[in-house]
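Scroll down for the structure; my scribbles are underneath it.
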Ligand SMILES: [Zn+2]
């Protein structure tokens, strides 16, 4: 038997090489906390995506609007977060937050678009 160090509480214990925890309780605590952290991370990103979508939706009641970059930023839009990209044959790149999307135009303008169908 080798002395092992518990990943959760740091106590040493006797166990096989592949044993990482001194007890079931420590193992459970460890994985629960990991899940919580991951859930928190995902929740934060989901919130950003939902907010981006809300902003696009609010600024685009007609389904076909042009707005300034400032208008988006003023609402708290985060350009780094989107759900998918769509590239046209002519090389234009639409970025979507769910069904609402935008296309960068010249002079810091953005064309807002809306689409219903899901694309793989
Ligand atoms: Zn432990």
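Each reported figure results from applying straightforward, stated rules to the coordinates on display, with no laboratory input. Note that the coordinates shown come from a computational prediction; the quantities given were computed from them, not determined experimentally.
Can you run the Rg to Rh ratio on the stretch 57-115? Use alpha carbon positions and the Kirkwood inverse-distance Rh.
0.93
Do you know the relative contact order of the chain, to the nearest whole percent, from alpha carbon pairs under 8 angstrom that are 6+ apart?
It comes to 18 percent, rounded to a whole number.
Take the chain, connect every pair of alpha-carbon atoms lying under 10 Å apart with a spring to form a Gaussian network, then pick out the residue of 68, 83, 28 with the largest mean-square fluctuation.
Taking springs between Cα atoms under 10 Å, the residue moving most is 28.
Convex hull over the Cα atoms of the stretch 2-114, averaged projected area in nm²?
Averaging across all directions leaves 11.1 nm² for the Cα convex hull.
To test your reading of the geometry: what angle, between 0 and 90 degrees and rounded to tens, separates the Cα axis of helix 24-59 from the longest principal axis of the chain?
The angle comes out at about 10 degrees.
Show that you can apply the helix-only estimate: for the chain, add -39,500 (n - 2.57) for every DSSP H stretch of four or more residues, divide by all residues, and state [θ] at 222 nm to the nearest 500.
One gets -12000 deg cm²/dmol as the mean residue ellipticity at 222 nm.
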